[in-house]
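Asker: The structure that follows is given in the form of structure tokens.
Here, each number is a calculation from the coordinates, and none is a lab measurement. All values reported here derive from a predicted model rather than from experimental measurement. Quick reminder, even Gly has a Cβ in these numbers, built from the backbone with ideal geometry, and neighbours come from all protein chains shown.
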Amino acid sequence: MVDPMDLPDERELLAAELALGVLEGDALAAASRRLLTDVAFAEEVEAWRDRLAGMALDVPDETPPDELWSRIERAIDGTGPAPVVDLVPRRQLRRWQFGTAAAGAVAAALAVMLVIPRPDPLIIPPPTQVAVQPAIVAQLRGEGEGPLVAARYDPSTAQLRLVAQDMGEDPRVPELWIIPEDGIPRSLGVIQPVGDTQLAVAEGHRSMLHDGATLAITMEPRATAPHPAPTGPRVAAGKIFGI
């Protein structure tokens, strides 16, 4: 015959009652003995104690009234009020006590959830897709044994670097031009006749530096540079291409 206390529901109820401290007398003694011999029962009791431990911390301290000890002494001496007859079966009373305690525990948990604000979820925006513009280069050559100039433009910094071979002695200065699809040259500035030159391209000219456009160099008067249009001969030119 199966012991009713071995049924899962009854065992869990008994474990909860033991954890809540509502057992008395023989029931308390039997549950305590079972706690030492039944591993599953002991685990359920421990689980209930863990659930209720945190809630017990939220219960405020209560100071007993001054007349409590006097009432206890009168009850012991037989001079106090007659004991109340227990009309409720003990098992039913235990269920009622357990239900009341469990309902209080659930209410306390819900109160904590409502009072403690939840932090807003952290929303991480997707990374911004930045279009990377390729660098562009050009080889500017003259006719025959004319000068050779290498150019490289970085769209991310709007910097144009040029490395020129020796263009020889000339009272004029080499001026660099960009010639887009409309065929009208725009001055990008004066460069060194030999070695490195770093030019910051003006914003209005940046969109003209693209694959297929032409870079050209003319020799111009130093005093009036940069010029609105070329006045001297073209000494080197080359097409731009992307890399």
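Asker: With N denoting the number of residues in the stretch 136-242, provide Rg(C-alpha) divided by 2.2 N^0.38 Å, to two decimal places.
Answerer: Numbers: Rg = 12.5 Å, N = 107, 2.2 N^0.38 = 13.0 Å.
Normalised Cα radius of gyration, the stretch 136-242: 0.96.
Asker: If each residue of separation counts as 0.36 nm, what is the full-extension length gain between Ala202 and Ala150 once their alpha-carbon separation is subtracted? Please report the intermediate quantities before stating the final value.
Answerer: Working: separation 52, 0.36 × 52 = 18.72 nm, distance 1.99 nm.
Net length gain for the segment: 16.7 nm.
Asker: Let me ask another. ³J(HN,Hα) across the stretch 179-192 via Karplus (A = 6.51, B = -1.76, C = 1.60, θ = phi - 60°), whole Hz, x for Gly/Pro?
Answerer: Taking θ as phi minus 60°, the curve returns 10, x, 5, 6, x, 9, x, 10, 6, 9, x, 8, 10, 6 Hz for the stretch 179-192.
Asker: Continuing with this model, one more query. Can you work out ³J(HN,Hα) from phi for every residue in the stretch 209-219, in order, using Karplus 6.51 cos²θ - 1.76 cosθ + 1.60 and θ = phi - 60°, giving whole Hz and x for Gly and Pro?
Answerer: 8, 9, 4, x, 6, 10, 9, 9, 10, 10, 9
Asker: If a paramagnetic tag sat 7 Å from the Cα of Arg161 along the Cα-Cβ line, which residues of the stretch 179-203 would have the backbone N under 20 Å from that point?
Answerer: Flagged as within label range: 188-202.
Asker: Please list, in chain and number order, the residues 5+ apart from Val235 or on another chain whose amide H is under 5 Å from its amide H, with Hs placed from the backbone.
Answerer: When sequence neighbours closer than 5 places are left aside, the close amide H contacts are Ile217, Thr218, Met219.
Asker: For an R0 of 35 angstrom, estimate the FRET efficiency from the Cβ-Cβ distance between Asp182 and Ile123 and round to the nearest 0.05.
Answerer: Working: r = 48 Å, r/R0 = 1.37.
E between Asp182 and Ile123, to the nearest 0.05, is 0.15.
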